[in-house]
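Engineer: First, the structure itself, so that you have it in front of you.
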Amino acid sequence: DNLLICPFDQNHKIRSSRFENHIIKCRKLFANIGIEMCPFNAKHIMTRLQMRNHIMVCPDKTRLVYEASLSKTKYK
């Protein structure tokens, strides 16, 4: 498992399999520093200004839209 560095605290080294859980907890501690998490992938973390652009081009956005369309056709 790769070790990733927490974007909120550079001293935190987290296994990639635990990264999303860590980010959710650590984000609460550092809520006032202006860093946001992508609504499509919790591993995409950046400043608010960068996030606006990122949401438009996030590669995981299309995956979620595709999965949502599959679930709608599945239950019709």
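The values are calculated or read from the model by the stated rules, or taken from the named source; none is laboratory data. All of these numbers come straight from a predicted model, not from anything done at the bench. When we count neighbours, we look across all protein chains shown, and the Cβ atoms used for this are built from the backbone with ideal geometry, even at glycine. With ligands, DNA and RNA removed, areas are computed over all heavy atoms of the protein, side chains included. Shrake-Rupley method; radii C 1.70, N 1.55, O 1.52, S 1.80 Å.
Engineer: Output the residue which, of all residues in region 22-47 that are among the basic types (Lys, Arg) and surrounded by fewer than 16 Cβ atoms within 10 Å (Cβ to Cβ), is nearest to Pro59 (Cα to Cα).
Structural biologist: Of everything passing the filter in region 22-47, Lys43 is nearest to Pro59 (Cα to Cα).
Engineer: Give me the pairs, please: first residue somewhere in region 13-26 and farther than 12 Å from Met37 by Cα, second residue anywhere and part of a strand (DSSP E or B), beta-carbon distance under 7 Å, and either six or more positions apart or on two chains.
Structural biologist: Lys13/Leu3; Lys13/Ile5; Ile14/Leu3; Ile14/Leu4; Arg15/Leu3; Ser16/Leu4; Phe19/Leu4; His22/Ile14
Engineer: Still on this structure, I have one more. Scan region 10-21 for residues that are farther than 19 Å from Arg63 by Cβ and open to solvent by 40 Å² or more (accessible area, probe 1.4 Å) and jot them down.
Structural biologist: Matches in region 10-21: Gln10, Asn11, His12, Lys13, Arg15, Ser17, Arg18, Asn21.
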